[in-house]
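Visitor: The structure that follows is given in the form of structure tokens.
The values are calculated or read from the model by the stated rules, or taken from the named source; none is laboratory data. Since this is a predicted model, take the numbers as computed values, not measurements. So basically every Cβ, Gly included, is an ideal-geometry build from the backbone, and we count neighbours across all protein chains shown.
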Amino acid sequence: MQDRLFPEEAPPAAAPPPRPAAPPAAPPVPPVPTGARSRLRQVAPASWPEDFSTLAARLPERLHLGTSSWSFPGWDGLVWDGQYTESMLARRGLATYARHPLMRAVSLDRAFYQPLTVAQYAAYAEQVPPDFRFVVKAPALVADALVRREDGQGMRTNDAFLDPGLAWSAFVEPALQGLGAKAGALVFQLSPLAQPMLARMPHCIARLGAMLAALPPVAQLRAQAPDLVIAVEVRNAEWLVPAFADALRASGATYCLGGHAKLPPITEQLPVLRALWPGPLVCRWNLHRAHGAYGYEDAKALYLPFDKLVDPDPETRTALARVARATTAAGHHAYLTIGNKAEGSAPLTVEAMARLLAG
């Protein structure tokens with residue numbers, strides 16, 4: 001058994017030079033004038049615990065903790081102060097979310113459903129401080145092997161799956177132009193493959209490798225976004241073979257750990273990261289394993305309004321903390337975003353992870 005997280009024969013690369021100190025905190029949100037129209041309302045921040053600022057200062061500099069999206073009314077008292085609609089939070093909540101001392105990233109999941117424009121990305125970037133980073137999902141247009149109905153049922157094969165030209169023009173290029181230096185991890189989250197494709201995994205891996213190889217080198221893209229990572233997340237364990245790691249390494253991409261019941265536990269996915277070491281960490285922790293591979297709706301019904309921890313998962317927390325600590329100690333970035341369905345309330349899981357990592 002391997003006792004260390006990463007093998008001795010793969011020493012970490014030299015750490016990059018320290019980044020400049022973060023800018024001072026944003027000024028308080030101005031009070032809303034009495035009688036102001038609802039469309040002009042600002043989203044007020046919650047009164048966070050006094051030790052959050054101290055806790056944030058103790059976290060590794062290259063650690064980017066955050067949640068999957070932000071437009072959840074149930075976070076009243078955790079992130080917001082007041083009752084706001086989901087649409088209000090979607091439009092005006094990001095700036096307040098980004099002021100939370102522990103939130104240094106967010107997963108921009110809406111990009112999966114429809115490609116975003118440069119202007120849309122830029123509008124998000126304008127709302128957050130310079131040290132904030134976005135984790136962005138590639139559109140289903142290139143990341144899903146099937147064209148699906150609204151209920152998720154596959155209708156037909158998607159001919160644009162892993163298309164190199166669309167991967168660039170519909171995802172990487174607009175994200176970089178709009179987010180600039182605030183682009184963190186661009187993630188190709190590959191939707192579950194149907195059985196005929198699972199039977200041809202060498203072909204699928206070769207197709208993925210060809211798409212990644214057709215993108216400009218990551219080192220070149222970092223001229224626009226110095227902390228950029230290109231990552232691939234999967235939904236079938238059949239991907240997790242040496243040839244998959246080889247395809248990622250050849251293009252400078254990395255593997256995105258998937259906290260999802262369709263995959264093995266996080267600890268069993270680590271061999272892929274070991275094969276890619278040294279390098280960054282990207283993880284999207286989406287769903288508690290107790291709910292099974294198709295348990296999103298069950299988890300949602302149980303956890304709403306996402307204001308408390310219902311199913312703490314100390315095993316996953318500990319595994320992720322070990323990887324994040326080792327990664328940042330070696331001078332690499334660690335992007336960890338968490339969904340409400342991981343334990344019941346993403347902000348509270350972020351707090352738990354922060355305390356574990358700062359301890």
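Visitor: Of all the residues that make up the range 222-257, how many are of a type outside the set (A, V, I, L, M), touching a helix residue (DSSP H, G or I) at 6+ places or on another chain (Cβ under 7 Å) and farther than 17 Å from Leu212 by Cα?
Guide: Final tally of qualifying residues: 4.
Visitor: Here are the criteria: (1) farther than 23 Å from Ala105 by Cβ; (2) part of a helix (DSSP H, G or I); (3) modelled with pLDDT under 95. Tell me which single one Leu302 does not satisfy.
Guide: Exception for Leu302: condition (3).
Visitor: Could you go through the range 55-67 and let me know if any residue there is over 19 Å from the mean Cα position of the chain (by Cα), surrounded by fewer than 23 Cβ atoms within 10 Å (Cβ to Cβ), part of a loop (DSSP other than H, G, I, E, B) and among the basic types (Lys, Arg).
Guide: Checked against the condition, which is being over 19 Å from the mean Cα position of the chain (by Cα), surrounded by fewer than 23 Cβ atoms within 10 Å (Cβ to Cβ), part of a loop (DSSP other than H, G, I, E, B) and among the basic types (Lys, Arg), the range 55-67 yields at least one hit.
Visitor: Being under 17 Å from Ser107 (Cβ atoms) and either surrounded by fewer than 18 Cβ atoms within 10 Å (Cβ to Cβ) or in contact with a helix residue (DSSP H, G or I) (Cβ under 9 Å, 6 or more places away or on another chain) (or both), is that true of even one residue in the range 305-313?
Guide: Narrowing the range 305-313 to residues under 17 Å from Ser107 (Cβ atoms): 306.
Those still in the list that are either surrounded by fewer than 18 Cβ atoms within 10 Å (Cβ to Cβ) or in contact with a helix residue (DSSP H, G or I) (Cβ under 9 Å, 6 or more places away or on another chain) (or both) too: 306.
Yes.
Visitor: Go through (1) touching a helix residue (DSSP H, G or I) at 6+ places or on another chain (Cβ under 8 Å); (2) without any contact (Cβ under 8 Å) to a residue 12 or more places away in the chain one by one and return the number of the condition Ala301 breaks.
Guide: Going through (1) touching a helix residue (DSSP H, G or I) at 6+ places or on another chain (Cβ under 8 Å); (2) without any contact (Cβ under 8 Å) to a residue 12 or more places away in the chain one by one, Ala301 breaks only (1).
Visitor: Let me ask something else. Looking at (1) surrounded by fewer than 21 Cβ atoms within 10 Å (Cβ to Cβ); (2) touching a strand residue (DSSP E or B) at 6+ places or on another chain (Cβ under 8 Å), which is the only condition Leu320 fails?
Guide: Of (1) surrounded by fewer than 21 Cβ atoms within 10 Å (Cβ to Cβ); (2) touching a strand residue (DSSP E or B) at 6+ places or on another chain (Cβ under 8 Å), only one is false for Leu320: (1).
Visitor: While we're on this one: What are the residues in the range 266-292 that are surrounded by fewer than 16 Cβ atoms within 10 Å (Cβ to Cβ) and in contact with a helix residue (DSSP H, G or I) (Cβ under 7 Å, 6 or more places away or on another chain), if any?
Guide: Within the range 266-292, just Thr267 meets the criteria.
Visitor: Follow-up. Contact list please: Cβ distance under 6 Å, first residue in the range 105-120 and over 21 Å from Leu336 (Cα atoms), second residue of a type outside the set (Phe, Trp, Tyr) and assigned to a loop (DSSP other than H, G, I, E, B), pairs at least six apart or on different chains.
Guide: If the second residue must be of a type outside the set (Phe, Trp, Tyr) and assigned to a loop (DSSP other than H, G, I, E, B), the pairs left are Pro115/Pro139.
Visitor: Considering only residues that are part of a loop (DSSP other than H, G, I, E, B) and at pLDDT below 90, which ones fall in the range 113-163?
Guide: Applying the first criterion (part of a loop (DSSP other than H, G, I, E, B)) to the range 113-163 yields 113-117, 126-132, 138-139, 144-145, 149-153, 158-163.
Listed by number, the residues that qualify are Arg149, Glu150, Asp151, Gly152, Gln153.
Visitor: Shifting gears a bit: When you check Ala321 against the structure, is it assigned to a helix (DSSP H, G or I), over 22 Å from Glu86 (Cα atoms) and over 16 Å from the mean Cα position of the chain (by Cα), yes or no?
Guide: Details: assigned to a helix (DSSP H, G or I): yes; over 22 Å from Glu86 (Cα atoms): yes; over 16 Å from the mean Cα position of the chain (by Cα): no.
It is false that Ala321 is assigned to a helix (DSSP H, G or I), over 22 Å from Glu86 (Cα atoms) and over 16 Å from the mean Cα position of the chain (by Cα).
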